[in-house]
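The values are calculated or read from the model by the stated rules, or taken from the named source; none is laboratory data. Just so we're clear, the structure is a prediction, and the values are computed from it rather than from any experiment. Virtual Cβ from ideal backbone geometry, glycine too; neighbours counted across all protein chains shown.
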């Protein structure tokens with residue numbers, strides 16, 4: 001997205017979150033952004049969670065299982081597996097870290113030889129372990145006192161912020177875990193505070209329901225941001241995600257109704273998304289028009305076109321054209337019985353499972369195949385890619401088409417899963433949130449997936465707390481994803497750098 | 001740029017560039033992107049003149065026919081034709097009358113043209129009106145609807161000229177309207193002073209929201225497209241929130257709307273109370289003149305254009321690029337803020353959640369159609385205002401959904417952005433292709449050799 005490779009005024013190359021800790025020498029300038037940002041957030045947290053806390057306590061319900069016996073068996077098995085996995089991963093981490101320290105290669109943070117996937121996997125395993133433990137112990141509800149948790153969280157937040165400031169003053173980079181821990185503690189403090197602020201003596205929400213709803217709401221966002229990842233990684237800015245989602249939703253509804261087959265609708269959605277991409281690709285790659293313009297205009301065009309066709313054809317004959325039926329949710333045997341995790345991950349529609357597959361395939365494809373290497377080369381330095389024999393514009397063309405198809409499938413979520421009829425502008429700006437998720441996830445499929453989950457969570461939390469009543473106006477909750485994205489692109493939440501050639505058409509010669 | 005697969009050792013003969021249309025495009029893009037170092041400018045400098053660059057001399061007639069002005073006209077024509085086809089295909093009456101087309105062709109043609117006739121009647125001149133006032137009402141309506149479009153379009157266009165893609169007109173309109181409306185209904189002042197203060201407040205509101213974007217862009221390098229999209233949403237939610245607070249909500253109303261602005265804070269009606277046309281339109285004319293002066297006659301405008309053409313060159317020439325970026329976004333935001341004032345102080349007279357409607361997004365298409373020049377934007381605003389005003393009448397009279405206007409608008413902009421596409425459709429390419437084979441990008445010998453070498457390796 002960046003217009004130039006050297007940003008004006010962007011004179012703080014050392015990001016707050018060191019993506020490559022090994023390179024951050026002590027002499028290098030360390031940015032104050034992290035210290036200041038964390039301090040402000042910590043103060044905000046202290047005021048909200050500490051001073052503004054009340055005497056109530058917050059309840060978090062854990063979902064009741066449909067099948068008691070199967071559920072407890074599944075919980076036990078998961079517990080054992082998660083325990084083994086966390087112990088194994090933790091041991092591996094410990095050993096690698098110690099050998100890294102001994103050899104002195106990772107002088108700064110000691111993570112020189114720890115592979116990047118290890119810490120997050122360990123944390124994930126421990127989280128699964130904790131959830132499974134709740135299932136084994138048959139805990140149905142956790143109740144937390146608001147004031148106590150609020151103050152504990154505040155103290156931890158202030159401590160972490162202070163540590164960051166201290167490190168910055170000592171010209172050292174802040175290790176990665178500080179940011180992660182800060183975010184986690186902030187989230188816990190926030191949740192307790194906001195739930196305890198609800199109406200009633202002991203306000204409570206269903207944690208599993210909240211998270212499951214978030215995943216569902218995140219489905220189109222994930223597909224949209226994957227489309228963005230595929231396009232931007234190859235050097236084409238895809239603002240048209242919104243249009244791809246919308247046309248996908250429209251054609252899924254119409255085709256599924258006409259053929260009486262929801263799966264045909266799913267295929268039609270992918271084709272429709274690819275069609276939008278085709279226009280984007282032809283106009284921006286062949287006719288070299290500014291990609292952002294094409295994207296913006298395509299969104300308007302698709303919005304107008306689908307609204308027009310909806311008002312003329314679909315409302316005239318809703319039974320014949322706009323009654324697609326739904327993709328039913330499918331339970332995966334055994335896995336869906338695991339408490340908390342099961343209903344969240346393994347009780348999805350076909351589109352939901354396709355989402356997991358798409359994330360994994362795009363991630364592996366981009367970072368672990370020859371094809372992915374070529375794609376990224378084209379997005380970073382098309383001239384170099386061309387020199388080694390990669391056909392830049394053909395690579396771009398097919399990637400953009402593929403991205404469109406993926407976003408189109410995401411669009412089918414609206415008409416085949418969420419609501420079983422098309423209505424005007426039903427994507428409701430989610431294409432733009434997907435764009436935000438892509439940037440927040442730093443142009444990485446996994447990152448985009450997690451960011452989309454976060455935005456889905458914020459979206460769902462907003463509707464949940466509107467029901468229980470809350471100290472924060474719902475509009476501010478709705479604002480959250482957008483505000484976070486502004487912070488992200490401004491470099492306050494670590495550094496986010498787009499592919500270098502993104503937005504620049506390639507002309508040979 | 002399609003490219004044939006076959007290694008072509010045999011046809012690497014021409015030392016000079018092959019003279020195809022696309023090769024001219026290649027040169028233009030190389031110029032526009034500083035040889036691939038940056039994204040192409042929104043309105044390429046090479047397409048802003050009246051002529052196509054590198055066009056052959058040819059006859060005067062041919063130059064006019066292939067020039068960029070002609071491309072604009074053809075784009076509008078093409079979009080209207082496509083829109084007409086879409087309406088005809090979806091209209092059951094057209095299918096009905098097409099059954100006896102050869103017996104009575106008039107019936108079908110009337111059906112096909114009916115929406116456009118209604119559009120003209122609703123936007124320019126209503127010849128069916130009873131008296132002069134009713135006949136002229138449509139054109140005043142067009143001017144009224146155009147006012148915020150022109151103002152916001154100028155904001156977008158000005159940012160375009162400095163190389164910035166301001167999608168945030170929507171949020172800037174909201175902020176302008178928010179500030180202006182607050183001054184309008186809480187302060188009680190004499191007529192002209194009050195109106196002036198409202199305008200200033202709107203100006204400041206928009207400037208703040210636009211300036212934030214410039215500041216983030218200049219200081220952190222955050223891309224303005226993303227920031228503006230996000231700030232649009234933030235402004236919208238902020239507006240919705242404020243309209244539920246006692247400071248903004250109308251007393252005794254449960255709806256999220258503000259009190260009416262004082263009479264002294266409203267734009268006077270230009271043609272009497274039976275027309276909605278207000279003095280805000282004069283403000284739009286003034287703003288157009290101001291932007292023209294800024295860009296053509298002032299040092300600051302020169303700096304903006306230099307930054308837009310090539311940031312690195314501008315920096316080398318001693319222009320303070322961050323300052324220019326912040327200032328241009330602030331002024332662009334201020335112009336969009338005035339569009340918000342035109343809404344609250346002129347057309348709507350109070351603040352509501354839908355104050356900005358879709359003006360901010362329409363403004364982008366307006367600026368693109370106007371090729372980012374002040375007067376181009378002005379007339380593009382009038383055209384799209386006519387589409388909007390006429391679309392309402394068309395929907396009422398022929399039940400054709402107003403959404404068709406969106407389709408036509410976006411098609412116009414899509415075609416205008418790609419002049420080679422339009423010329424190809426109408427067969428107006430300035431140079432005939434000398435060789436049908438061989439892609440345009442395959443021209444130069446060295447890359448051809450390297451490529452074939454890599455293919456065999």
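Key figures
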read-out	value
Count of the stretch B:89-100 residues which are at pLDDT 80 or above, surrounded by fewer than 19 Cβ atoms within 10 Å (Cβ to Cβ) and not in a helix (DSSP H, G or I)	1
Answer residue from the stretch A:361-385, given it is within 14 Å of another protein chain (Cβ to nearest Cβ) and touching a helix residue (DSSP H, G or I) at 6+ places or on another chain (Cβ under 8 Å) and is surrounded by the fewest Cβ atoms within 10 Å (Cβ to Cβ) among those	A:384
Residue within the stretch A:160-173 that is closer than 25 Å to residue A:337 by Cα, over 26 Å from the mean Cα position of the chain (by Cα) and buried (at least 18 other Cβ atoms within 10 Å of the Cβ) present	no
The listed residue being under 24 Å from the mean Cα position of the chain (by Cα), within 14 Å of another protein chain (Cβ to nearest Cβ) and surrounded by fewer than 16 Cβ atoms within 10 Å (Cβ to Cβ), out of B:82, B:86	B:82
Residue list for the stretch A:386-420, restricted to those being away from chain B (no Cβ under 11 Å), over 22 Å from residue A:248 (Cβ atoms) and crowded, with 24+ Cβ neighbours inside 10 Å	none
Single residue of the stretch A:308-326 satisfying the filter (surrounded by fewer than 23 Cβ atoms within 10 Å (Cβ to Cβ) and within 29 Å of the chain's Cα centre (by Cα)) that is farthest from the other protein chains (Cβ to nearest Cβ)	A:326
For residue B:275: the one exception among (1) more than 10 Å from every other protein chain (Cβ to nearest Cβ); (2) at positive phi	(2)
Number of the exception - residue B:246 against (1) within 14 Å of chain A (Cβ to nearest Cβ); (2) surrounded by fewer than 24 Cβ atoms within 10 Å (Cβ to Cβ); (3) in contact (Cβ under 8 Å) with a residue 12 or more places away in the chain	(3)
All positions within the stretch A:33-50 that are modelled with pLDDT under 80 and either within 30 Å of residue A:346 (Cα to Cα) or surrounded by fewer than 19 Cβ atoms within 10 Å (Cβ to Cβ) (or both)	A:36
Candidates B:334, B:339, B:363, B:393, filtered to the one that is within 30 Å of residue A:314 (Cα to Cα), more than 14 Å from chain A (Cβ to nearest Cβ) and in contact (Cβ under 8 Å) with a residue 40 or more places away in the chain	B:393
Test: residue in the stretch A:345-357 that is surrounded by 19 or more Cβ atoms within 10 Å (Cβ to Cβ) and under 30 Å from residue B:167 (Cβ atoms)	yes
Yes/no for residue A:304 being in a loop (DSSP other than H, G, I, E, B), closer than 19 Å to residue A:422 by Cβ and at pLDDT below 95	no
Selection status of residue A:274, outside any loop (DSSP other than H, G, I, E, B), crowded, with 24+ Cβ neighbours inside 10 Å and touching a residue at least 40 places away in the same chain (Cβ under 8 Å)	no
Given (1) under 30 Å from residue B:354 (Cα atoms); (2) in contact (Cβ under 8 Å) with a residue 24 or more places away in the chain; (3) surrounded by fewer than 24 Cβ atoms within 10 Å (Cβ to Cβ), index of the condition residue B:114 fails	(1)
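Here's the yes/no breakdown for (1) under 26 Å from residue B:362 (Cβ atoms); (2) surrounded by 24 or more Cβ atoms within 10 Å (Cβ to Cβ):
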site	(1), (2)
B:259	no, no
B:275	yes, no
B:293	yes, no
B:301	yes, no
B:315	no, no
B:321	no, no
B:333	yes, yes
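Listed here are the residues, each with its yes/no results for (1) within 9 Å of another protein chain (Cβ to nearest Cβ); (2) touching a residue at least 60 places away in the same chain (Cβ under 8 Å); (3) buried (at least 19 other Cβ atoms within 10 Å of the Cβ).
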{"position": "B:195", "(1), (2), (3)": "no, yes, yes"}
{"position": "B:199", "(1), (2), (3)": "no, yes, yes"}
{"position": "B:205", "(1), (2), (3)": "no, yes, yes"}
{"position": "B:208", "(1), (2), (3)": "no, yes, no"}
{"position": "B:211", "(1), (2), (3)": "no, yes, yes"}
{"position": "B:214", "(1), (2), (3)": "no, yes, yes"}
{"position": "B:230", "(1), (2), (3)": "yes, no, yes"}
{"position": "B:237", "(1), (2), (3)": "yes, no, yes"}
{"position": "B:250", "(1), (2), (3)": "no, yes, no"}
